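Peer 1: Sharing a structure with you now.
The values are calculated or read from the model by the stated rules, or taken from the named source; none is laboratory data. Keep in mind that what you see is a predicted model, and the values were worked out from it rather than measured. Backbone-built Cβ (ideal geometry, glycine too); neighbour counts: all protein chains shown.
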Amino acid sequence: MWGPPSNPQWAAHDPYALAEKLKGVSLYVSSGSGTTGPYDQPSGIPGVSTNYAGMGLEILARLTSQTFATKLNQLGIPAQVNYRPSGTHSWPYWQFELHQLWPQLANAIGVEVEKPLVALRVRSVRRPQPTAGSATASPPNTASRVAWHRTSATVASTSPVERAPSLSPVVSPART
């Protein structure tokens with residue numbers, strides 16, 4: 001995401017390495033399991049999506065999300081954590097999760113919860129694409145109280161997350 005792993009920008013933007021700086025910020029962390037979910041096209045193998053790369057990436061996202069949430073817990077930093085029972089690393093799940101966390105994000109940046117859902121939908125689809133040889137584009141930092149986790153959105157939050165029944169979390173070890 002920040003160029004080669006040896007690039008100092010990795011450490012400068014790594015929420016795991018900088019977790020202590022997140023004290024006082026309520027966070028939202030989520031990931032799918034990598035198995036076929038409601039936004040995936042199933043293959044002929046049960047639980048396996050045709051999005052093979054997205055499956056592998058989401059499995060890694062789950063592992064890094066769990067590691068991050070564990071560190072936050074060890075540091076006594078509260079987080080709303082949602083591990084979904086299915087889902088691959090793809091835009092429909094990112095957009096779904098963004099809508100789930102929208103009330104917290106809106107509160108964190110001082111925007112009315114009901115107003116910008118259309119703009120939110122457009123922004124989630126029109127994320128800048130990297131150019132040849134560049135690092136992957138990163139999510140915008142919209143306010144000093146908003147942080148992002150490398151695998152999913154991690155956002156300052158103040159209210160519980162509404163969940164769609166088809167993507168309800170397997171585990172939600174939120175600390176309050």
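Peer 1: Please tell me if Phe96 is touching a residue at least 40 places away in the same chain (Cβ under 8 Å) and under 20 Å from Val25 (Cα atoms).
Peer 2: No, not satisfied.
Peer 1: So, of the residues in the range 1-23 that are among the hydrophobic types (A, V, I, L, M, F, W, C) and free of Cβ contacts under 8 Å to residues at least 40 places away in the same chain, which turns out to be surrounded by the most Cβ atoms within 10 Å (Cβ to Cβ)?
Peer 2: Selected residue: Trp10.
Peer 1: Follow-up. If I go through the range 61-115 residue by residue, how many of them are among the small types (Gly, Ala, Ser), in contact with a helix residue (DSSP H, G or I) (Cβ under 7 Å, 6 or more places away or on another chain), crowded, with 20+ Cβ neighbours inside 10 Å and at pLDDT 95 or above?
Peer 2: Adding up the residues that qualify gives 1.
Peer 1: Being under 23 Å from Ala108 (Cα atoms) and in contact with a helix residue (DSSP H, G or I) (Cβ under 9 Å, 6 or more places away or on another chain) is the filter; apply it to the range 24-60 and report the residue that is surrounded by the fewest Cβ atoms within 10 Å (Cβ to Cβ).
Peer 2: Checking each candidate, the answer is Val25.
Peer 1: Now, a different point. Which pairs have Cβ atoms under 8 Å, sit 6 or more apart or on different chains, and link a residue in the range 56-73 that is more than 13 Å from Glu20 (Cα to Cα) to one that is aromatic (Phe, Trp, Tyr)?
Peer 2: Listed pairs, sorted by first residue: Glu58/Tyr93; Arg62/Tyr83; Thr64/Tyr16; Ser65/Tyr83; Gln66/Tyr83; Thr67/Tyr16.
Peer 1: Across the range 1-23, what is the number of residues that are part of a loop (DSSP other than H, G, I, E, B) and more than 19 Å from the chain's Cα centre (by Cα)?
Peer 2: 5
Peer 1: Report every pair of residues separated by at least 6 positions or lying on different chains whose Cβ atoms are under 6 Å apart, first residue within the range 30-53 and within 13 Å of His89 (Cα to Cα), second among the basic types (Lys, Arg) and in a loop (DSSP other than H, G, I, E, B).
Peer 2: Gly32/Arg84
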